[in-house]
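The values are calculated or read from the model by the stated rules, or taken from the named source; none is laboratory data. Quantities reported herein were computed from a predicted structural model and do not represent experimental measurements. Glycine also receives a Cβ, built like all others from the backbone with ideal geometry; neighbour counts cover every protein chain displayed. Ligands, DNA and RNA are excluded from the accessible area calculation, which covers all protein heavy atoms including side chains. Shrake-Rupley method; radii C 1.70, N 1.55, O 1.52, S 1.80 Å.
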Amino acid sequence: MGPPASAPEAAAPPSAAWELLLPATAAPPRARGRTLQAALREAVRSGRLASGTRLPSSRELAGDLGVSRGLVTEAYEQLTAEGYLRSDRGSGTWVGGAVRAADPRARDGAPRPSGARTDFVPGTPDLSLFPRSAWAAAHRAVLAELPHQGLGYPDPRGLPELRTALAELLVRRRGVVADPEHVIVVSGVAQAMTLLGFVLHARGTPGVGIESPGSPEHAALFASAGVGTVPLPIDDEGLAIAPLRASGVRAVVTTPAHQFPTGIAYSARRRAGLLDWARSVDGLVIEDDYDGDFRYDRAPVGALQGLDPGHVAYTGSVSKSLAPGLRLGWLLVPASLFEEVVERKRTMDLGNPVLDQALLARFVERGDYDRQLRRCQRAYRERRDVLVAALEEHFPGTEVSGIAAGLHVVAALPARYGPPARFLERVTAAGVVVRPSGHYGATSADRIGLVLGYAHLPPARIRDGVRLMATAMCG
């Protein structure tokens, strides 16, 4: 049958079709048929051959293109079978109406810098510190040494060599209890939280406690797994135990090494209280050790998991030490959850990419990862000192709270620089982006609370950003 009466045919002059498809004739003879089909397909998708357009006969088009008629006939038949063209004996061939071309442009939805003169938003490492030369050398070595069978589907827990390297690293640097057989390689802390969320949901867990103030990502990740969250207050020592007990939850997410955003480290008493709670209710403490390696005033406090691996799930990643785009992290869970988490990991993605895992294993084994950590620690310690000094110079009376650690500073500016809404309006207009403490749920009665990230900024930009804020407030 022919095209609908409401869609009149628009004949495509042979010359027009010839111009669209001419590049296909330059393909090697064996590939010419496939190339002609691809060119016709793209012409229809792009709209250059509109719906209802009648195409030249196979004899005419073959003559225009200087190819065999059989080649054109085969292309017409193939695209008719796929729905791009319509044809009926004796009535010709025309472009069908089934195609709805998608926008050919690939948009990039990744987070991008704001474009401000200085962006103090926390959470981003300095990506220029990524060890490109050492990483490239490890990549070449891994490709040369990886056996063919190593490119098959991996163990969903991760490659044995990476699990072994991570277990040794975490025992040495973070004081965890880590058996390589029970390390799970994940795509960062986000996947670790989601995996635990799915397992807890399957067990009927109604809700998980989260720190308040705390990382806004935790609630979103558990919500994606169908698990609700219960905000629980933080005090000067860490998660408050009495509200935790009163909440009725049996699982809670914590950042004990360096609480986000307050910047405190859980006290020894509070760490013990948290574990007492977990034992008393047979509960689970989920330890997000997001920047535990970055402590500048003393050696980092060991992970909570080392005190009770039967009640603590421990997770971390290379997002702050190497780059978040690598999407590589680790998860240790109590034995009672292990098989369920591994099975969920298997059904979710069949395991992380083999080459990336082998590369990180080599990077850790050869000591490159330790060198990278030392490099980042030196840079970030200097930048934190620069930021604190600049705040003291330009905003006298500012209080910097929390421990000297991580990638952000918590600063409380005197009330005379307020009110907060006016402060934020002026510094934003000056080209400086900051996050108020209230963005993360923290409040301050008489001061302007700010959570300032500094790791991604060179010292000169830090000084310039603080100076711009001060100038804006004096205007």
When 1/r is averaged over all different Cα pairs and the result inverted, which Kirkwood radius in Å belongs to the range 275-346?
13.7 Å
Just subtract the alpha-carbon distance of GLU74 and HIS439 from 0.36 nm times their residue separation and send over the number in nm, one decimal.
125.2 nm
For ALA272, what charge total do you get from the other residues with a beta carbon under 12 Å from its beta carbon, if Lys and Arg give +1 and Asp and Glu give -1?
+1
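With a Förster radius of 30 Å, plug the Cβ-Cβ distance of ARG416 and SER267 into 1/(1 + (r/R0)^6) and report the FRET value to the nearest 0.05.
0.40
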Accessible-area composition of the chain, carbon plus sulfur, in percent [1.4 Å probe]
54 percent
What would the Debye equation give as log₁₀ I(q)/I(0) for the range 306-406 at q = 0.10, 0.14, 0.17 Å⁻¹, counting only Cα atoms as equal point scatterers?
-0.48, -0.80, -0.98
Here the relative contact order (percent) of the chain, from C-alpha pairs under 8 Å and at least 6 apart, is 17 percent
Beta carbons within 10 angstrom, averaged per residue: use that to sort the peptides 163-170, 148-155, highest first.
163-170, 148-155
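If a/c stays under 1.5 just call it rounded; otherwise compare a/b with b/c (prolate if a/b is bigger, oblate if not). Do that for the range 320-475, with a ≥ b ≥ c from the square roots of the Cα gyration tensor eigenvalues.
Here the range 320-475 falls in the prolate category.
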Which label belongs to the value computed from this structure, given these candidates for Cα extents along the principal axes in Å: [x] 88, 61, 46; [y] 101, 56, 38; [z] 98, 65, 47?
[x]
Just to confirm the filter: which trypsin sites (Lys or Arg not before Pro) across the range 92-138 are DSSP coil and have at most 16 other Cβ within 10 angstrom of their Cβ?
ARG100, ARG105, ARG107, ARG117
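Shape of the range 129-170 from its Cα gyration tensor (a ≥ b ≥ c, root eigenvalues): rounded if a/c is under 1.5, otherwise prolate when a/b > b/c, or oblate?
oblate
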For the range 348-395 and the range 135-159, what is the separation of their Cα centres, given in Å?
23 Å
Just grab the label-to-label distance for ARG59 and LEU146, each label 7 Å out from Cα along the Cβ direction, in nm (one decimal).
5.6 nm
Accessible-area value, ARG435, 1.4 Å probe, nucleic acids and ligands omitted, Å²
70 Å²
Probe 1.4 Å, accessible area per residue of the range 285-391, Å²
36 Å²
Stretchable slack from ARG48 to THR471, in nm (0.36 nm times residue separation minus alpha-carbon distance):
146.7 nm
Give me the percent of Cα-Cα pairs in the range 41-121 that sit more than 19 Å apart, rounded to a whole number.
51 percent
Considering only ALA167, SER215, PRO122, whose Cα is most displaced toward the positive end of the charge dipole of the chain, charges sitting on Cβ of Lys, Arg (+1) and Asp, Glu (-1)?
PRO122
Accessible area (Å², per residue) of the range 65-188, counting only protein heavy atoms and a probe of 1.4 Å:
58 Å²
Probe 1.4 Å, all protein chains present, accessible-area order of LYS320, LYS345, largest first
LYS320, LYS345
So which helices of the chain fit the span-like rule, where a helix is a whole DSSP H run, its Cα atoms reach 18 Å or more along the axis, and its mean Kyte-Doolittle is at least -0.5?
69-82, 132-145, 160-174, 188-202, 268-281, 459-474
Starting from one equal scatterer on each C-alpha and no solvent at all, send me the Debye-based log10 I(q)/I(0) for the range 210-358 at q = 0.10, 0.19, 0.20 Å⁻¹, two decimals.
-0.36, -1.33, -1.45
So how do HIS439, HIS182, HIS394 rank on accessible area, 1.4 Å probe, biggest first, that is with the largest at the start?
HIS439, HIS182, HIS394
Between the range 36-51 and the range 220-276, how far is it from one alpha carbon centroid to the other, in angstrom?
58 Å
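Can you classify the range 209-250 as rounded, prolate or oblate using the Cα gyration tensor, where a ≥ b ≥ c are the square roots of its eigenvalues, rounded means a/c under 1.5, and otherwise it's prolate if a/b beats b/c and oblate if not?
Note, shape of the range 209-250 comes out oblate.
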If N is the number of residues in the range 242-285, what value comes out of its Cα radius of gyration divided by 2.2 N^0.38 Å?
1.15
